[in-house]
Ligand SMILES: [Zn+2]
């Protein structure tokens, strides 16, 4: 067709331009379709260079017809200009796309030869694991930080005075037997609970209000079996302020339990006794294992005991210098082991201290 | 504390349901630890009498019994027991019955058919400790007053339910079942029967009883019982005693035990004829004095132990145990009954010192109301007459020098509601106190309350709040959230520091372990630490030698865990612990220091991406990244540690601002050997207290001028360390070296013996201008000259 078009163009006179324009357009269309077909069928970059030359080389077809265009008078140019321009652009674009496609095919072919097995393990070591007791402790600290409690810590080795007397447990008080104590000397003990932090912090804060802390840490009691460890962890909570009530304690405990175990859990408070709180309550959470139908985990009661709590005893406030007529407070203490065991379904407390890496790596 | 439902039912006009009681008591604050259906493993066992006995023709040890179970036909039962005799009443398990240990069917023993089985106590589910020697011999002999054919569960009260209460120290009064019954009546609004008593006339307050130590014995009551007739208690009475866990002995002992369980008040009976001088004296003893208690053991007394004496001798350890010299025996004809109140601390000390804990002492040491002495005495006297154990004298003797004060406490509904965050009306509050049998007097807003005498736990108005809310119901407390001012207490930096250290460790692939804070002294020796005498913190009363010293280092605990994991075929061990270590001080509390210990093993596990062994520098890298994160101080590493735990050539101390804060190195192979670790192991322990200062970051301007990087290779004597070279380079650099990187160390061929070749890349930059080539060359030369002068470096 190129020949015919060339011939036509050569024969083209200004007065025949109009009548030949249609014919030219048809011929160009035919040529275009042919060119596009060739482009479509290209299978490598080398071949594309022929087409490039044929149309866009120095002696190429498009270069030639552009020259004719140059000879045309200005008023004639629009007549053929668009036809020729469209022809040029379409072939140009198609060729460019095709070449781009062929190029990337060629690169990818080369890259595929460098293929690796991406299912092999990654480099570098594995991630480590926090101890489950740390996970629970950090979770509970965060739960309380969110509602404005400050995390505080106390001494693991304490004076008898702070561990007992300041908590309304004088010498010879029967409650001392509830917690069998390790002694370093007559008046220095391994703290049996995190509660001495209550007295320490109140001393530090007095007379400011509120006193609003949670205090995690190690505690020690002379007990060692499948449910007791001579060292374990507690978190103490204390809020002392004006107008703090037992119902506030219940509200906070419900918030805590639902934050740890989920919104669907309920709590139950049972009257109990601690020398440093009154009224005191043992707190149970509804058993999530059986949905309170009763199972082995909850001894068929539907409830799991998780913490002790109560209103700060007026004597304890007094000893810290606060006036119990003006100020009230609540306190609670929970065993981190107990929570971890419930949360992760651990059935023997000793697993937590064996530190078997196969155990630790599950958390 | 065991409570029998049948026992409780005596105080009510109706039967009780154990589930309801469990629920109510829990709600009221008496914790139900266990609930036991006594006879749930047995059925179809009846009382029978052996009418005839004959030898089994084919078995020496078997006897054929003819048993009357109240029906016309007698049963033929073969037994292997030897304690059977004609006329003996026995439990008979019929064909189709259940005993503890199995089902009973028709059986043939050596050709003779046996229509059931005679039972031992154990087969009925009765604990061995509740049986007398005679009852333990074989088949359980039944008391005469049990009817033939009667169901054994009914006859022995094995259809009872026992509730085990875990009592808190404030409710020691509930060691008396009658006081538990008061709680039961509270829960179910049941009417409680009054106890039957023998009322008495007082005779003389002081003549026969002399209390010297009135501080230790506020009240002492005695009463004489004559014509004592000691015999077994009736079955119904013995059953109750047995069901709360006490072995029935005889009517007199059973009565004192019964009263102790009913009212929580222990009593004691002396053989009156063995007492001299018609006098009871309550006083402390003398140091070194010897006294033989009822159990036949000679006890050495101290001067703070309280004793009961007659005119001439000690007759009892007050509240703990009576003496052998005044013991009631088969020949006793008159007794002196004691109901007294003793100081709880004194009883506890005595019982602890002697290692002698009795049912009585465990009650006295919890604190008992003195007011109850008379009630206990009058109740015991009633039972003595009921059980025909003797003739009670009409009068009693008493000394009551220190009256128990029962407080009258004033509170208001406003106060109570203020603590509870509730709105309980005054009427309801008064109702609660009345239901508790407390005396109430109302003056407008004020409620004046006098508790019952046995409730010695009620001392102040907060105790009243507790009573109100426990009776009103904890489940009726609403849930609210506290309102109030903002918390001003700032969190200590250490707390978040610990969290970020743990995060960093985990990112390094280390797993956290938690070990006990107490260790074995041997652990120190096995890690090569010298024993330092007595200054190590020792627990006075450890659970075992293995847990007797407070740790001064984390290493023993961590090494122990590493060893355990290694023994479990774990090869790649990467663990850390963050926790306190303790050292003693001359005065006050010991010091608690926060330490971090990290242990990694060499890790010889082959992996697809190639094997890179962990070494000293792996561990040091972990430390460097940690310190870069938590500290802005510069760290120095001083070769060598004093500790024998480390490889002497591959370890060192870590120094920050002139303080040694830790050690790092390869553990000594001999130490590892002791722990059965057969791989090179690296360990560091760091004290974090000096690092617990929050680094302050201030931005410094990024340099505007280009830097120049130049390599430098030289030979130095082998023993010169990288640390020294870096120091010298810095010194000579006129602040224009902003970075150094060592990229090669070489010893061997082409290098003179005793020397090593090192190659550095040094980065030069001036913060004020662009360095020219000449300037850099000059600096480079200065550095090299310094190295040459100071450590004999030679350019390669
Ligand atoms: Zn359950």
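Read the figures in this text as sums done on the coordinates, not as results from a lab. Everything quoted here is computed from the prediction, not taken from an experiment. Neighbour counts run over all protein chains shown; Cβ positions are idealised from the backbone, glycine included.
Tabulated data
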| quantity | calculated |
| --- | --- |
| Residues in region B:410-424 that a label on residue B:443 would reach, taking backbone N under 20 Å of a point 7 Å out along Cα→Cβ | B:410-416 |
| Antiparallel %, DSSP beta bridges [both residues in the protein assembly as shown], to 5 | 95 percent |
| Spin-label pair residue B:427/residue B:637, simplified geometry with 7 Å Cα→Cβ offset, distance in nm | 8.3 nm |
| Relative exposure of B:236, B:7, judged by other C-beta atoms within 10 Å (fewest first) | B:236, B:7 |
| Additional length obtainable on full extension of the chain from residue B:357 to residue B:100, 0.36 nm per residue less Cα span | 89.3 nm |
| Likely footprinting exposure, B:455, B:710, fewest C-beta neighbours within 10 Å first | B:710, B:455 |
| FRET E, pair residue B:659, residue A:147, Förster distance 45 Å, beta-carbon r, rounded to 0.05 | 0.70 |
| Calculated [θ] (222 nm, deg cm²/dmol) that DSSP helices of n ≥ 4 give over chain B, each run adding -39,500 (n - 2.57) | -7500 deg cm²/dmol |
| A:341, B:117 arranged by Cβ crowding within 10 Å, fewest neighbours leading | A:341, B:117 |
| For a label point 7 Å along the Cα-to-beta-carbon line of residue B:395, residues of region B:360-375 with backbone N under 19 Å | B:374 |
| Efficiency of FRET between residue B:136 and residue B:58 - r from beta-carbon atoms, R0 22 angstrom, step 0.05 | 0.15 |
| Relative contact order, percent, chain A [alpha-carbon distance under 8 Å, six or more residues apart] | 14 percent |
| In degrees, nearest ten, helix A:246-261 long axis to first principal axis of chain A (Cα) | 40 degrees |
| Label-point gap, in nm, between residue B:585 and residue B:295 - each point 7 angstrom along Cα→Cβ | 4.5 nm |
| Those residues of region A:1-39 whose amide nitrogen sits under 20 Å from the label point placed on residue A:52, 7 Å along Cα→Cβ | A:35-39 |
| Degrees between helix B:616-630 axis and first principal axis of chain B (Cα, 0 to 90, nearest 10) | 80 degrees |
| Average Cα contact separation per residue, region A:2-113, under 8 Å, 6 or more apart, as relative contact order % | 33 percent |
| Antiparallel content of DSSP bridges confined to region A:132-360, in %, to 5 | 95 percent |
| Additional length obtainable on full extension of the chain from residue B:491 to residue B:345, 0.36 nm per residue less Cα span | 48.4 nm |
| Relative contact order of chain B, pairs being alpha-carbon contacts under 8 Å that are 6 or more residues apart, as % | 8 percent |
